[in-house]
Every structure is written in C-alpha cells, then in structure tokens.
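The values are calculated or read from the model by the stated rules, or taken from the named source; none is laboratory data. Values in this document were obtained by computation on a predicted structure and should not be read as measured data. For neighbour counting, all protein chains shown are included, and Cβ atoms are generated from backbone atoms with ideal geometry for every residue, glycine included. Heavy atoms of the whole protein, side chains included, go into the accessibility calculation; ligands, DNA and RNA do not. Shrake-Rupley method; radii C 1.70, N 1.55, O 1.52, S 1.80 Å.
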Amino acid sequence: MPEYVYVTGMVDENKDAMEAAKALSALGAAKGGLARAKNMTASERSDSARAAVQARWAKAGKESIQRATHLGELKIGDAALPCAVLEDGTRVLTQWGFYRAIGRSGRPAGGWGSDVEKVAPFLDLDNLKPYVSVELAASKPIQFELPRGTKAWGYKAELLPKVCEVYLKARAEEKLLKSQLKFAKACEILTRGLAHVGIIALIDEATGYQDERARDALAQILEAFIAKELRPWVQTFSPEFYKEMFRLRNIPYRADVKRPQYIGVLTNDLVYSRLAPGVLDELRKKTPRDEKGRLKTHLHRRLTEDVGHPKLQQHLSAVTALMKASDSWEQFKPMVDRALPKYKRLPLFDGLESKEAKK
C-alpha cells in the first residue's frame with residue numbers, strides 16, 4: 001500500500017518568505033531574516049521553510065502526534081480518497097482527500113506547518129454559516145504522522161457526511177452561489193454512496209483495520225470468558241439438565257451409569273457453542289486430552305468466575321426450562337435454536353486464523 005503524502009500546500013511567495021525567515025531566526029539570524037529570505041531562490045526558501053517546520057515539530061514533541069497505523073483508499077463512485085486509521089482508532093480522510101471528496105479543486109492552503117484554521121475553509125463562508133452548527137464549526141484538521149515519519153493533515157471521517165448535509169441544505173433553500181453548486185452536486189453523490197454503508201466501516205475495510213478490530217474484539221470476549229487458571233471443580237451441570245436431555249432423546253436415565261459419548265457432543269452444541277463467539281474453540285484449545293483423546297478436565301473449569309461461569313449457569317437454566325416445556329427432541333431443537341442460537345463464525349472473524357498463520 002503506497003503512503004499518501006498530501007501535505008504540501010498551495011502557498012504564495014510571501015508565505016514562503018515568512019517561513020524561511022522563521023527558519024533563519026531559529027538559526028540565530030533573526031535580524032534581517034525577512035529581507036534575506038526575499039533574496040533567496042524558490043528552492044532555498046522551500047528548504048528553509050521545511051527546516052522551520054521540522055524545528056517546530058521537534059519542539060512540540062513527537063509524543064503528542066498520533067501515528068497512522070493503517071492506510072488505504074476509500075472508493076466512493078469514481079473517487080478514490082486517501083484515508084487512514086490513527087493509533088487511537090480515529091479514522092481520518094487526508095485534507096487533500098477531503099477537499100477532493102466535496103469537489104474542491106487544488107490542494108488545501110498551507111501544508112507544512114500551516115496554522116490550524118479556526119473553521120474549516122469549506123465551511124467558513126457567509127452563506128453557509130446558518131447551516132453550520134457550533135460543533136461543526138469547531139472541527140479542525142488533525143495533524144498525524146505517516147508510518148515512515150512524514151507528517152500529514154486530515155479531518156475526522158465523521159465530518160464528511162455532516163459537511164455534505166450543510167451544502168445540500170443550503171442548496172435546497174437556494175442559498176448557494178452559482179460557483180458552489182458543483183460542491184453540492186459532489187456532496188449529493190457522496191451522500192448516495194454512503195447511504196447504505198457507514199463511513200467508519202468503509203475506511204476500516206479500505207485500510208484493513210477491520211482485521212485488527214476483529215482480533216481485539218475476539219480477544220476481549222475470550223479474556224472475559226476464559227480463565228487463566230483452572231478453577232476448582234464444583235457441580236455445575238445439575239442432574240435435572242441431563243434427566244431432561246435423556247427424556248427427550250428416549251434414553252433411560254441413571255445417575256450412576258456412564259453417559260454415552262454423544263451426550264458430550266450434544267452438550268457442546270446446546271451449551272458451549274451458544275455462550276459467546278469463539279468460546280467453545282478456545283475451551284477445547286486450553287483443555288488437554290489424554291492418550292485416548294478424552295478431555296482431562298471439564299470444560300466449565302476454564303470459565304472465569306465473574307463472567308464465564310455466571311453466564312453458563314444462566315444459560316443452563318434457560319436450556320433446561322426449554323427442555324421441560326418440550327414433549328420431544330424435534331419440538332425442543334427449533335425452540336432452542338430460536339431462543340438461544342449458536343454463535344456461528346461471524347464475518348468479522350472470518351479468516352483471522354489463516355491470516356495470523358501467514359505472518
């Protein structure tokens with residue numbers, strides 16, 4: 001994935017000269033710095049301006065700048081908009097990408113080290129102010145760092161549909177200037193493209209962040225349910241649970257007789273596969289087997305005291321109640337599938353194991 005660097009802006013010579021003067025000032029040549037900068041070539045001014053910006057970055061402190069962990073292109077219609085996910089989970093469109101999305105030509109003014117405008121320039125227009133909320137007016141560009149260390153600017157992704165709404169409302173009330181109608185048209189196309197899919201989900205897909213999000217979500221579930229230490233054995237499955245199961249399966253029940261092996265299969269199906277996503281697989285992975293392939297300990301001893309075990313007890317009570325209300329297995333099974341469905345492999349988690357194995 002290429003690194004998108006849309007940070008250089010459209011700046012005039014006076015601004016370049018000012019940046020260069022600041023650079024010379026930082027090097028101990030404040031006196032006459034502006035005059036010297038004006039006598040520089042364009043290339044020299046650019047180098048000095050860049051040095052000034054880098055000095056300010058160093059002074060500000062790198063730790064205050066969020067780093068982009070995922071990069072991609074958000075495709076909406078014919079447009080391909082550079083986007084990123086920052087290390088704190090913030091989703092952004094680059095400034096240039098944001099401008100392009102709403103149909104503005106050129107690139108945003110002020111790239112390297114530009115001051116952050118109080119109001120985004122595409123909202124700071126007199127005829128739009130009645131449609132711009134206080135919250136929206138306070139939206140500012142976010143400075144962030146690309147993986148290779150280059151600095152960039154962007155706007156939060158959630159801002160895009162809100163900006164579109166401003167232009168579309170203004171157009172509906174015939175408050176747009178003729179020159180602004182093209183922006184409303186671009187916003188209309190965007191709004192249609194985003195009608196059925198959220199901007200956050202689109203960027204997660206474009207950058208590949210959904211894989212990491214899925215890993216984090218699954219890890220949090222398993223951490224809550226699966227204990228690190230083996231819990232002491234306590235009777236968890238009541239005799240009533242198995243009595244009802246045997247009744248529905250037309251099997252004579254005796255507490256002192258070893259249960260058929262397939263009863264364990266049914267228990268996994270009715271209980272562990274319905275507790276939470278991935279729990280049954282993780283329990284099997286954490287529980288060793290003997291030389292005959294039998295589990296050395298009960299699966300429920302691996303459930304956490306505060307989350308896993310209480311959820312198991314609650315689930316067992318519900319399953320037992322459904323079995324009691326049923327006259328046959330054929331009547332019971334559709335009921336439990338509807339009331340307590342199994343956690344199938346969710347699309348969010350699909351392919352994670354194979355992707356991890358390739359790393």
*asked:* Could you go through segment 311-318 and let me know if any residue there is aliphatic (A, V, I, L, M), under 25 Å from Lys258 (Cβ atoms), open to solvent by less than 40 Å² (accessible area, probe 1.4 Å) and out of contact with any Ser or Thr (no Cβ under 9 Å at 6 or more places or on another chain).
replied: no
*Can you name the residue in segment 267-310 that is touching a residue at least 60 places away in the same chain (Cβ under 8 Å), closer than 12 Å to Phe237 by Cα and in a helix (DSSP H, G or I) and, of all such residues, is least open to solvent (accessible area, probe 1.4 Å)?*
His300
_Here are the criteria: (1) free of Cβ contacts under 8 Å to residues at least 60 places away in the same chain; (2) open to solvent by 30 Å² or more (accessible area, probe 1.4 Å). Tell me which single one Ile263 does not satisfy._
(2)
*Within segment 255-275, how many residues turn out to be at pLDDT below 85 and in contact with a Phe, Trp or Tyr (Cβ under 9 Å, 6 or more places away or on another chain)?*
2
_Take the conditions of a type in the set (A, V, I, L, M, F, W, C) and either at pLDDT below 75 or exposed (fewer than 12 other Cβ atoms within 10 Å of the Cβ) (or both) and apply them to Val197. Does it pass?_
yes
*Scan segment 136-179 for residues that are closer than 22 Å to Gln66 by Cα, open to solvent by 90 Å² or more (accessible area, probe 1.4 Å) and in a helix (DSSP H, G or I) and report the count.*
0
